[in-house]
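The values are calculated or read from the model by the stated rules, or taken from the named source; none is laboratory data. Bear in mind the structure is a predicted one, so any value in this text is a computation, not a measurement. Here the Cβ is made from the backbone with ideal geometry for all residues, glycine too, and neighbour counts use every protein chain on show. In case anyone asks, the SASA skips ligands and DNA or RNA and just uses the protein heavy atoms, side chains included. Shrake-Rupley method; radii C 1.70, N 1.55, O 1.52, S 1.80 Å.
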Amino acid sequence: MKRRFFLATTGLSLALAVAASTAAWAENAKLKIGFVGVTSGPAAAWGISNQRSMEARAAWLNELGGVQIGDTTYDIEIVPFDDQKDPKRAIAGMEKMAQDGIHYVVGPNVDDGAAAVRPVAEQNGIMYFPYAFPKELYVAPASNAILGMVANYQSGPAIYKYLMENKGVKKVAFIAGNESDPLSQRDSGAAAARELGLEVVSDTVTYQMDTTDFTPVLLPVIQTAPDLLVLSGVSPANAPQLIRSARELGYTGLISTETAQDAAVLAEGAGELANGFISVGGASTPELASDTMKEFVQRYTDMFGEYNDESNTKVYALEYIIETLKANPAAIDNVEEFKTTMDAFEAPNPFMVGDAKLTYVGTTSFGQKRQVSVPLVVNEFKDGKFETLFVAQVD
Amino acid sequence: MEQILANGLYLGAQYALIALGLTLIFSLMNVLNFAHGQMYVFGGFVTYTVVAQLGLPFIVGLIASAVVLAVMGALIEKFLFRPVIRRSKRDESTMLLAAGIAFFLDAVILLLFGEKQRGVPKVVDGVFNWDMRLIMPYDRILIAALAVALIVGFILFMQYSRTGRAMRALAQDRVAAQLMGVDVDRYSMIGFALGAMLAGLVGGLLVTITGINLGMGGPTSVKAFLMIMIGGAGVISGAIAGGFILGMMESVGLTLLAAYGDVTYLVIFVTLMIFLAIRPQGLMGKPWG
């Protein structure tokens, strides 16, 4: 009896060991996707929302058993690099990605970083998804960058036109931080406003990014009495302060921006003074968000404690990479295959209700498809949350 | 003009309070505390947590910021600066330590409070409007008044309390103070705690107006250094003067130079370079230190 028991337990142990080792051998292959962006300093919110969106979505996909691309099932591994909003660091980050054999990178978050990494990406066969607007990154002969959001020169005119037609806006003023992104967004916004026939009453006032009191900065702008005050390229950190100072100075007109904002930050920083503030958002408004989007928000919140509304847009880049690779598995280590696939690529958009599609766009702005198609959702802040003002599509 | 002056005075009051803590630490220990801005940010986040997260009154948040930062300052002095100063006579050792603490605090703030901009509701509603010539929200007036009260309280404390007198003696001549029986270690620790507490208090005061975020530490330190360079490093009256001068320059520049783009700080830096070339010890500092 004892001998039989010994044999049985030994056999069972061996079987379990073999099963465990087989399970180890059967572990999914890893697909590394890079992130190079700013996750420290004043603009950390931009990059952290990117990185966390990727990590939350990757964890979810891995939990579901991984992603099947061709005959292989992959677990997604996110490889982050903080470029500290410094172009030199961004280059170092992209070089690290190349050394790690990574072909798909999300970021950088700002213009100069995105421009700086272009040679590294092109020489090393890396497709990257910047959140930066300079057209030269996306117009041929450039071909490795894909704009990860809607550019201000696409959203700005749509917003101004809407406000002209629906709110009677005639005079507009621009204010921007003294950095390349906000300044270029101010210039293109002012040009678009003039083209639409709006009177630009102020577009020279700028501020340091570390300004703690915006009253003196805004005073000359408010004195021009605009109907619409545009906060060009404003960061989520500065937006509530600017809104609050403008309202405290007695400004009663409209305030808008073409950057994504966070409702909780606006509510905390400006309270009801932020009511009516217009900004660009993603697909999480109740009318648009699918069950997948709602679950993503919940998972992100569970993982990191608090959701960031900027992730409504930033959830998309990873999805585009994975779905395009699924459409053409040969692109897994060959970005030329990826580029070929982009032209005809189409997949269901899991984050929106209805039959929305993931497709590459940008032909109108860049002459080639070098932009992800995310919905242009224009939001109005009201009593602590965003309400959809209107929805449009780029291209 | 009334608006420019009011903005300058408001900015000056908060700047002076920031500079006071930095100059106190410098005068007592000859330490350039590069982490001063991060202490300011930490203080802001403590007030935010107490007021916005825990729902307690603003004054409780302010006291919590003062206490947390004072304890943090005391611990940093006792366990970090004191051993380094004892073992190394080189100034760059403490500078490197201060820079390291700044990076460390940045990381701690990110971990504890996250990357988002934070703010607390207005302490007082309403805006003072004098015929559109002078517009100032009541909460700014309150914060400016509190800042001035704290500055006055600090001066009185340094002037008339036993601890204040001991710290002034220490600042004037460390060896002589020691020979006269002043407990150098104890008062250095109290001084550092007081400096950190002032940084935390300003952070707590301003979180109601400007909000607070992870990236505000570095630029705040730079501005604080500017102020004490203008007024004279290690001189309390110099820090106050430097704060008000910088606040006024900023307010005037932002209004009068607005049409030329963001040149205010360019002008301020050029002016400061010329000023320091003529008077390197600042307005009230002594050439010998």
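Some points to look at:
- In the range B:75-91, residue farthest from the other protein chains (Cβ to nearest Cβ) [restricted to those that are buried (at least 19 other Cβ atoms within 10 Å of the Cβ) and within 30 Å of B:G211 (Cβ to Cβ)]: B:E77
- Residue that is farthest from A:I332 (Cα to Cα) [pool: residues in the range A:128-156 that are more than 16 Å from the chain's Cα centre (by Cα) and open to solvent by less than 40 Å² (accessible area, probe 1.4 Å)]: A:G156
- Entry remark, the range A:348-383: residues being open to solvent by less than 40 Å² (accessible area, probe 1.4 Å), within 22 Å of A:I255 (Cα to Cα) and either in a strand (DSSP E or B) or modelled with pLDDT of 90 or more (or both) number 5 in total.
- The set of residues in the range A:198-210 being away from every other protein chain (no Cβ under 14 Å) and open to solvent by 40 Å² or more (accessible area, probe 1.4 Å) consists of A:E199 alone.
- Where a residue in the range B:256-278 is in contact (Cβ under 8 Å) with a residue 12 or more places away in the chain and away from chain A (no Cβ under 12 Å) and its partner, wherever it lies, is surrounded by 11 or more Cβ atoms within 10 Å (Cβ to Cβ) and not hydrophobic (A, V, I, L, M, F, W, C), with Cβ under 6 Å and at least six apart: B:V267/B:G253
- Of all residues in the range A:135-156, none satisfies being within 14 Å of another protein chain (Cβ to nearest Cβ) and of a type in the set (G, A, S).
- The one condition from (1) open to solvent by less than 50 Å² (accessible area, probe 1.4 Å); (2) touching an Asp or Glu at 6+ places or on another chain (Cβ under 9 Å); (3) at negative phi that A:G125 does not meet is (3).
- Single unsatisfied condition, B:I63 versus (1) within 14 Å of chain A (Cβ to nearest Cβ); (2) closer than 30 Å to A:A45 by Cβ: (1)
- Per-region count, the range A:271-285, residues open to solvent by less than 10 Å² (accessible area, probe 1.4 Å) and either modelled with pLDDT of 90 or more or of a type in the set (F, W, Y) (or both): 4
- The residues of the range A:243-262 that are within 11 Å of chain B (Cβ to nearest Cβ) and not in a loop (DSSP other than H, G, I, E, B), listed by number, are A:R244, A:S245, A:R247, A:E248.
- Unmet requirement for A:A330, which otherwise passes all of (1) more than 18 Å from A:I78 (Cα to Cα); (2) surrounded by 23 or more Cβ atoms within 10 Å (Cβ to Cβ); (3) modelled with pLDDT of 95 or more: (2)
- The condition of being at pLDDT 90 or above and either of a type in the set (A, V, I, L, M) or on the phi > 0 side of the Ramachandran plot (or both) holds for B:V270.
- Residue match in the range B:226-235 (condition: open to solvent by less than 10 Å² (accessible area, probe 1.4 Å), outside any helix (DSSP H, G or I) and touching a residue at least 40 places away in the same chain (Cβ under 8 Å)): yes
- Odd one out for B:G114 among (1) farther than 28 Å from B:I240 by Cα; (2) buried (at least 17 other Cβ atoms within 10 Å of the Cβ); (3) more than 13 Å from chain A (Cβ to nearest Cβ): (3)
- Just one residue in the set A:D213, A:D227 is closer than 24 Å to B:K223 by Cα, over 25 Å from the mean Cα position of the chain (by Cα) and either away from chain B (no Cβ under 11 Å) or surrounded by fewer than 24 Cβ atoms within 10 Å (Cβ to Cβ) (or both); that residue is A:D213.
- Taking (1) more than 20 Å from the chain's Cα centre (by Cα); (2) modelled with pLDDT under 90; (3) assigned to a helix (DSSP H, G or I); (4) not polar (S, T, N, Q) in turn, B:G8 satisfies each apart from (1).
- Test for A:T252: is it under 21 Å from A:N166 (Cα atoms), at pLDDT 90 or above and crowded, with 22+ Cβ neighbours inside 10 Å: no
- Of the helices (runs of 4 or more DSSP H) entirely within the range A:306-347, those holding at least 1 residues that are farther than 16 Å from A:G125 by Cα, touching a strand residue (DSSP E or B) at 6+ places or on another chain (Cβ under 7 Å) and among the aromatic types (F, W, Y) occupy A:316-327.
- Some residue of the range A:92-104 being within 16 Å of the chain's Cα centre (by Cα) and at pLDDT 95 or above: yes
- The range A:36-55 residues that are within 11 Å of another protein chain (Cβ to nearest Cβ) and of a type in the set (K, R), paired with ones that are assigned to a helix (DSSP H, G or I) and open to solvent by 10 Å² or more (accessible area, probe 1.4 Å) (beta carbon under 9 Å, 6 or more apart): A:R52/A:M303; A:R52/A:F304; A:R52/A:K314
Per-residue answers, yes or no, for (1) at negative phi; (2) surrounded by fewer than 23 Cβ atoms within 10 Å (Cβ to Cβ); (3) touching a residue at least 40 places away in the same chain (Cβ under 8 Å):
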residue	(1), (2), (3)
A:S256	yes, no, yes
A:E287	yes, yes, yes
A:D302	yes, yes, no
A:E337	yes, yes, no
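- When the range B:169-225 is limited to residues that are touching a Ser or Thr at 6+ places or on another chain (Cβ under 7 Å), of a type in the set (V, I, T) and within 14 Å of chain A (Cβ to nearest Cβ), the one that is farthest from A:R244 (Cα to Cα) turns out to be B:V207.
- Selected residue [surrounded by 21 or more Cβ atoms within 10 Å (Cβ to Cβ) and charged (D, E, K, R)] from A:R89, A:R52: A:R52
- Of residues in the range A:174-197 being out of contact with any Gly (no Cβ under 9 Å at 6 or more places or on another chain) and either among the acidic types (D, E) or not in a helix (DSSP H, G or I) (or both), the one nearest to the other protein chains (Cβ to nearest Cβ): A:I175
For (1) in contact (Cβ under 8 Å) with a residue 40 or more places away in the chain; (2) more than 18 Å from the chain's Cα centre (by Cα), each residue gets a yes or a no:
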site	(1), (2)
B:I151	yes, no
B:S161	no, yes
B:A176	no, yes
B:D185	yes, yes
B:M197	yes, no
B:G200	yes, no
B:G203	yes, no
B:T208	yes, no
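- Some residue of the range A:116-123 being touching a residue at least 60 places away in the same chain (Cβ under 8 Å), in contact with a helix residue (DSSP H, G or I) (Cβ under 7 Å, 6 or more places away or on another chain) and not aliphatic (A, V, I, L, M): no
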